[in-house]
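Q: Right, I'll just put the structure down here and ask away after.
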Amino acid sequence: MQFPILSVIVFTPIVAGILILLIPGNRKTEVRVTALAAATIAMLLSAWVYFSYDISAGGYQFQELYKWLPALGISFRVGVDGISAPLVLLTGIVMFTGVLISWGLDDRPREFFVFLFILATGVFGVFVSLDLFMLFFFYEIAVFPMYLLISIWGWVKTREYAAMKLTLYLFIGSVIALVGALAMYFQAGLHSFDMLELEKAGFSPVFQHFWFPFVFFGFAVLGGIFPFHNWSPDGHVAAPTAVSMFHAGVLMKLGAFASLRVGIMLMPEGAHFWKWVILGLATVNVVYGAFIAAVQTDFKYVIGFSSVSHMGLVMLGFATLTKEGLTGAGVQMFSHGVMTALFFAVVGMVYDRAHTREIPELGGFSKKMPWVAVAFTIGGLVSMGMPGLSGFVAEFPIFMGVWKVQPLIAIIAAISIVITASYIIRVIGRVFFGAMPEHFEHGDHAVGDVTVMDKVALGVICIIMITVGVYPSVMVPLVQSGVKNILALVGGA
Amino acid sequence: MMDFVLNNILTLILFVPTLVAAVLFFLPRQEKALLRWTAFIGSLIPLVLSITLWLNFGAGAKGFQFEVQQKWYEAINSSFHLGVDGLSLTMVLLTTLLTPLCILASFGIQDRIKAYMILFLLLETGMLGVFLSLDLLLFFVFWEIGLVPMYFLINQWGSEKGERELWGGRKVAARTYASFKFMIYTMAGSLGLLLAIQMIGVAAGTFDLVKLFSDPNWLSAQNLGNVGPLGLSFGTIKAIAFWAFVVAFAIKVPVWPFHTWLPDAHTEAPTAGSMILAGVLLKLGAYGFLRLVLPLYPQEAEKYAPALAFLAVMAIIFGALAAYGQDDFKRLVAYSSVNHMGFVVLGIAAAAYAAGSTWAEDGVIALNGAVLQMFNHGLSAAGMFFLVGVIYERAHTRNLNDFGGLFPLIPVYGGILIFTALGSLGLPGLGGFISEFLVVRGSWPIFTVFTALSMIGLFLTGAYILKVIKKVLHGPLNEYWEHHGLAEINIREIIVMAPLMALMLWIGVWPAWILNVINEAMKRLF
Amino acid sequence: MTAENVLAILPEILILVLAGFVLLLDALWPEPKRRSLGWLTAGGLMLILAVSVAIARPGDDPRFAFGGMIRDDWLGFTFRMAFLFGAAITCLFAMDAEQLGKKGEFYVLLLVSTLGMNLMASAGDLVMLYLAIETTSIPLYVLAGFVVNDDKSTEAGFKYMLFGALTSTVMLYGFSLLYGFSGTTSLYELAEKIRLGLIPTGVLVGTLMLMLVGFGFKISAVPFHYWAPDVYEGAPTPVAGFLSTASKAAGFAVLMRVLLVAFSGDEVMHSWTTLIAAISVITMTLGNTLALAQKNIKRLLAYSSIAQAGYILIGLVAISPDGPLNLGIRSAVFYLIAYIVTNLTVFGVVAAFERVSGSNEIDAYKGLSRRSPGLAFIMLIGMLSLAGMPPFGGFVAKVFVFAAAVETKTWTWLAVVGVLNAIIGLYYYLTVLKVVYLYRTDNPDDEQKPIPLTRPYAIALVVLTAGIVLIGTLFGPWFHWAGLAAGSLF
């Protein structure tokens, strides 16, 4: 029997969480080491899956199928394709770097890692799900730990408000999608929640036109689509660093991914019908997000809104329903995921030392933390879509896809590139270069360099972004094989 | 061994600087001498390779030589495709020559040498990539890559003094302002280029330049069908794409009125930064015109050539006037770049206009002049900026009025300055004369009025160059320097200037070795 | 008394025996030892459950016993086992409660009430039904007011009794009308008569509404819910837990049987489904909305229970007997099973906390996660299950109930309403968790004071928590039972 690697990946975090729960609360080092071990295992396994995926064969690989409730056709079915394999890897990377970044967390690390790992299991579960019920099951598991993580360990000023807003928003989105999914289940008449079977179900156009928005927009809320993006910036800012990394890096991809898997792939005719609405909203995301980011004074809010903008690009790519657009969106989910994880990690490092995130109050940090400055600059270049890095590899095909559909949107969306460049440069210039305020330089509040753990985390991410940028073949063919499958369902070009 | 080198020479030339940068990364930050010399010696390797390339290049052959094509981004039909013809070879030679000289010139930098050298070498890769690319997407990648190191070089190692005021009264360091303006201006300009390239990719289904060149209908009403609805006619769309390309390159050259980023960037950049900026980076824009705009859009180029020629003449005249009016030595040289690059654009415009008509040959002559001017200006501008840097390091001022009568104090420097300045002016016997003559000779039958006007510019060029020489070297000796003394130019600095001066002389006296190569390429350009 | 008849009411007989036994030992044992009566009762109940599952399972075809008084089918059986379980847990919770644990009467009353509930679940006759309801309710009135020196408890008992008496009177009137028009008290014969159209629809609707007063009271549906917050708050916490779970479930069992068996004609079904749907919407919405404002945890849980009843009613409405899956009743029964386990967990935590801290104010729970991480975690699981989060039973239950609504297509909007209500519910459940996990105690020293759990609490809570997770992950067996129960109705 084939080794059930996907199930192991999915359940490793929660098993580790249970083990951590049994460690006494004051043994913080044991807790951290266990967490790191689990994260390393998950990352290595997900990397193994990524590199062992057979691109020529395509389709869903590493499949496992266990009956769960045959009476209703619910099964525990997992598998990865070209789109989900990079996302599984992404989750592994973010989990690993997140644990490294949280090494210094001192207030109840045990509970923190338990909730973080429940979140990780939920996320892994969604990415590998091939059963609709199971997808929802793990989707909700990924939602509720956010509330606890943000409200307990988050930024004191806004954590309660942001945590509740985020949780309610995401829950609303998911339950609306649930109703849509249930409608699909009954309409198909197949007595099965199995997504591969539902792909063949053939829903009537009228059905799809009505139910597609439920499912797509329900999930896209988590993807941050305008106008349901409001939870995201506050949630980002209020969350502790590792949670922000997860939130922007992985969770938002979860929403986009689910809207693709359940919305677009299962109701392709509905996708075509609603295409223009999604294109329009996504364009607003891209441009508006960039504008708002440009005027923020809080460092973390800048990044938060830039996430809204970049996720807009993902959904723009989806909405084109073209080979290039979907490929670009697939790569962008990965590229933006790691990049934003890096961003939030850096923000956390700065804040931990400076105790402020107001850009006018910061400055000259490259003197004290040079590695961080370089890493953030590389991340910033990825964000701008600078060629030679993964951001360009992702954004270029998306734009090509948009050209195929409506060139005007490409031109409007391209404006965001310049806006992004300007605020990224401004932020880098202000925070890392320039003059350092006196009190950070010497004395009690002097800022020190970051730890080895932090540097390793940042280094790993930088290498990945550069590798994908310089050598796209390491990711693009894989994503393309997944796109091929989607195009077969959607009937696009 | 030799075979390996020759077979992969372009890839080597392109990536050796990056490799050297990688080596530098692992060297200890404190070993200043080690870092400097490693960077310098490392940068000589691409020079040796490009000389080898030059010697093995067959000038008369059609098409591109030493081609390399590898799979790169197959999903969107873009490949890693390199190749040289006479035009790009000339530029590659210029780049690989100037870089070591710039690095040698940068030996005076004390702060964060490692980062500086790494950035410089990465910049070299970016520039070389633009010249060597035969794939539109790859071209764009390297085009943008060149921006980042330049931004940091200006921002971090640029002149420390000086402030600019922004909207809302906030004051920033001049170098911050200059670097930001440079980056955003150029990026905004390349935005149109990006969009046009995206459209081409979708329509034509390929980014490969060789394929695009070989098909006169590379963009047709038919393959525009691949693109979504634009609601405009084919002619209009192609014209817009043309202008998108033109604007991006016009900003880089820079063509008046897109030149406003240049004085600030040049002035605030560190010496070597200005050298390479004026020496090579501006040529990227002109190269873009020659390599992409003329072959891909011959009809549009012909149609709008008069407009371009007009702008070129404006650049020549106003650039010279502005240079004349400067008190800041470096800013004067910066404006002189605008002035000299104007000739390049005039030549290009003339050739575009004359293509396919009875004056086609004159057009080729003008092109020869343009390309040679690119090379020559690279040498002379780099030289001038370096000399500004030399005196600034000693005097800590760039104000021309602070100098005066320095010739007796620093005769060697004075001699070199006169030589280089006259080379910039276009004195017969030095390279600048040949290229400017060719441009004027070629453009005269085509754009008589414009060419005549540009002669005014030539006259003004003489004016500002002589102003410089007079203000710095001649006249009564400035009391201040008499008391404080001024150090003479040293050996290292002479070594930096020597190759530039030698080449200026060589080209001025016997230009055939380079003109042949250029000519063969220009005959077949489009 | 044939063997079949005995087996049909074997659990009830055994309960009676156990009650007598407890009463005897209560008289014989000295006061300190009487706490062990709790162990005895709980253990006895679980034993009865085991024995019943072993030998007294109903067959594939439902049978009538005692001349149609009792219907021995899976619906009744499932509920009866649930009641036994609930009662056992309640005993464990009550054992260490100050005024309850050492009183033998408490256990006896509990047993008698459980007996009544069992009879409610398997009643096949209107008279039996009424007797069973009263047998259930009267001990519950006493149990609610058990703590005689506490004003709130007395008030609770009194209020409960008055309300209960009033509603059961109205219900009895409805029963009598039904008998008058049909000439029979057997539910199943009634069903026949209705199907043959012998009874006018207007009469049916009228009597139905009268009966709904009584049933609605039992399940605390709006507008018969007014007693719930006060009674839950005033009654001793273990009793409140029992009320909110077993008693409510018994009400649902009766509601299911009466509505789906007796009133199963097409015309009349249309009227009552609309009516129940309306009640469901108001119940969910009112329950959730009013819960938002509560500062006392027992009142919050009371409103939460009211809302939960609303969700279950969705399942009741979404009947499509010709639909392939017939999720309606199945999902309602499954929900009840999950709900009983979950709500008992939460009430158990409240009881354990109250025992040590003496307070039921939500604010008193501040810093619980630092004082007793384990107890806080159990509270977390319970609250999240109520909210409908995986991997807990509440999630699966809600999904099934909403699926049932979507299956019918006509009632899809009800699923949407339910879903929106779940969001409101999430808000206040999370607020409680916020207090438990985020807020710190007012006095920093208090953080060092843990909430010790005595053995009965520990056992009960662990079993319940495991149950929640089990129902949420390996839901196959429970769903199967729910299916058997639903199938046996018709």
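Read the figures in this text as sums done on the coordinates, not as results from a lab. Predicted model, so just to flag it, every value in this text is computed and none were measured. Here the Cβ is made from the backbone with ideal geometry for all residues, glycine too, and neighbour counts use every protein chain on show.
Q: Okay, which of segment A:303-339 sit inside 17 Å, backbone N to the point 7 Å along the Cα-Cβ direction of A:TYR351?
A: From segment A:303-339, the list is A:303-308.
Q: Between their Cα atoms, which of B:LYS211/B:LYS238; A:LYS28/A:LYS253; A:LYS300/B:LYS181 are more than 27 Å away from each other? List each step's numbers first, then the result.
A: On the way: B:LYS211/B:LYS238 18 Å; A:LYS28/A:LYS253 31 Å; A:LYS300/B:LYS181 25 Å.
Long pairs (Cα-Cα over 27 Å): A:LYS28/A:LYS253.
Q: Which whole-Hz ³J(HN,Hα) couplings does segment C:64-81 yield from phi under the Karplus relation 6.51 cos²θ - 1.76 cosθ + 1.60, θ = phi - 60°, glycine and proline marked x?
A: Rounded to whole hertz, the list is 9, 10, 6, x, x, 5, 10, 10, 8, 9, 5, 4, x, 5, 4, 5, 4, 5.
Q: Normalising by the residue count of chain A, find the relative contact order in percent from Cα pairs under 8 Å and 6+ residues apart.
A: The normalised contact order for chain A reaches 15 percent.
Q: So which of B:LYS283/B:LYS330; A:LYS275/C:LYS398; A:LYS368/B:LYS114 end up more than 24 Å apart, counting from Cα to Cα?
A: In this structure, A:LYS275/C:LYS398 exceed 24 Å between Cα atoms.
Q: Another question about this same structure. At A:ASN230 and B:VAL48, where each label point lies 7 Å from the Cα along Cα→Cβ, what is the point-to-point distance in nanometres?
A: 6.7 nm
Q: Grab the Cα-Cα distance for A:GLN2 and A:GLU438, subtract it from 0.36 nm times how many residues apart they are, and report the gain in nm with one decimal.
A: Values: separation 436, 0.36 × 436 = 156.96 nm, distance 6.11 nm.
Extra length available between A:GLN2 and A:GLU438 comes to 150.9 nm.
Q: When the Kirkwood radius is taken over all Cα pairs of segment B:174-322, what Stokes-Einstein diffusion coefficient follows at 37 °C and 0.692 mPa s, in µm²/s? Before the final figure, lay out the partial values.
A: Working: Rh = 16.6 Å.
It diffuses with D of about 198 µm²/s by this estimate.
Q: Using alpha carbons only, how many degrees (0 to 90, rounded to 10) separate the axis of helix C:393-408 from the longest principal axis of chain C?
A: So the helix axis and the longest Cα principal axis differ by about 30 degrees.
Q: If you fit an axis through the alpha-carbon atoms of helix C:104-122 and take the longest principal axis of the Cα set of chain C, what angle between them do you get, 0 to 90°, nearest 10?
A: Result, in degrees: 30.
Q: Let me ask you something else. Are any of the pairs C:LYS159/C:LYS193; A:LYS157/C:LYS295; A:LYS367/B:LYS171; A:LYS323/B:LYS62; A:LYS200/B:LYS71 more than 28 Å apart by Cα-Cα distance, and if so, which?
A: Over 28 Å Cα-Cα: C:LYS159/C:LYS193; A:LYS323/B:LYS62; A:LYS200/B:LYS71.
Q: Under the definition of Cα pairs under 8 Å and six or more residues apart, what whole-number percent is the relative contact order of chain B? Display every interim value, and only then the final one.
A: Numbers: 887 pairs, mean separation 74.7, N = 526.
About 14 percent, as a whole number.
Q: Defining a contact as two alpha carbons under 8 Å apart and six or more residues distant in sequence, what relative contact order in percent does segment C:270-490 show?
A: 27 percent
Q: Students often get this wrong: which residues of segment B:145-185 have the backbone nitrogen under 17 Å from the point 7 angstrom along Cα-to-C-beta of B:HIS484?
A: B:160-162
Q: What order do you get for A:CYS462, B:CYS102 when you list them from fewest to most C-beta neighbours inside 10 Å?
A: Fewest-to-most ranking of A:CYS462, B:CYS102: A:CYS462, B:CYS102.
Q: Among B:GLY325, B:PHE57, B:SER159, whose Cα lies farthest out toward the positive end of the dipole of chain B, if unit charges sit on the beta carbon of Lys, Arg (+1) and Asp, Glu (-1)?
A: B:SER159
Q: Oh, and also: From the C-alpha gyration tensor of chain B, pull out the three semi-axes of the equivalent ellipsoid (sqrt of 5λ each), sorted largest to smallest, in whole Å.
A: Over the Cα atoms of chain B, the ellipsoid semi-axes are 36, 27, 23 Å.
Q: Follow-up. In straight Cα distance, which aspartates and glutamates are under 13 Å from B:LYS252, not counting same-chain residues fewer than 8 positions off?
A: Correct list for B:LYS252: B:GLU144.
Q: P(r) of segment C:270-490 in 5 Å steps, Cα pairs, percent per bin?
A: Whole-percent P(r) values from 0 Å outward: 1, 8, 15, 18, 18, 15, 10, 7, 5, 2, 1, 0, 0.
Q: For A:SER422, C:SER36, A:SER56, what ranking results if the residue with the fewest other Cβ atoms within 10 Å of its Cβ goes first?
A: With the fewest neighbours first, A:SER422, C:SER36, A:SER56 line up as A:SER56, C:SER36, A:SER422.
Q: Additional query: For segment B:1-258, just the Cα atoms, rotate onto the principal axes and tell me the three extents in Å, largest first.
A: Largest first, segment B:1-258 extends 62, 61, 32 Å along its Cα principal axes.
Q: Quick one: grab Rg to one decimal and Dmax as a whole number for segment C:236-320, Cα atoms only, in Å.
A: Here Rg and the maximum Cα pair distance are 14.5, 45 Å.
Q: With every atom except the alpha carbons ignored, what do you get for Rg and Dmax of the protein assembly as shown, in angstroms?
A: According to the Cα coordinates of the protein assembly as shown, Rg and Dmax are 40.5, 137 Å.
Q: Take the alpha carbon atoms of segment C:85-133, find their center, do the same for segment A:283-340, and report the distance between the two centers in whole angstrom.
A: 60 Å
Q: Also, quick follow-up: Let me spell out the model: positive unit charges on the Cβ of Lys and Arg, negative unit charges on the Cβ of Asp and Glu, origin at the Cα centre of segment C:270-490. What dipole size does that give, in debye rounded to 20?
A: On the way: 14 positive and 9 negative charges, 38 e Å.
The dipole magnitude comes to about 180 debye.
Q: Further question: Enumerate the whole-percent occupancy of each 20 Å bin, from 0 to the last occupied one, for all C-alpha pair distances of segment A:5-490.
A: 26, 60, 14, 0
Q: Express in nm, to one decimal, how much length is gained between B:ASN223 and B:MET455 on full extension, taking 0.36 nm for each residue of separation and deducting their alpha carbon distance.
A: 79.0 nm
Q: Can I ask one more? For helix A:299-320, what angle does its Cα long axis make with the longest principal axis of chain A, in degrees from 0 to 90 and rounded to 10?
A: 20 degrees
Q: To the nearest 20 Debye, how big is the dipole of chain A about its Cα centre, given +1 on the beta carbon of each Lys and Arg and -1 on that of each Asp and Glu?
A: 160 debye
Q: Report Rg(Cα)/(2.2 N^0.38 Å) for segment C:1-264, keeping two decimals. Mind showing how you got there, number by number?
A: Values: Rg = 18.7 Å, N = 264, 2.2 N^0.38 = 18.3 Å.
Here the Cα radius of gyration is 1.02 times the empirical estimate.
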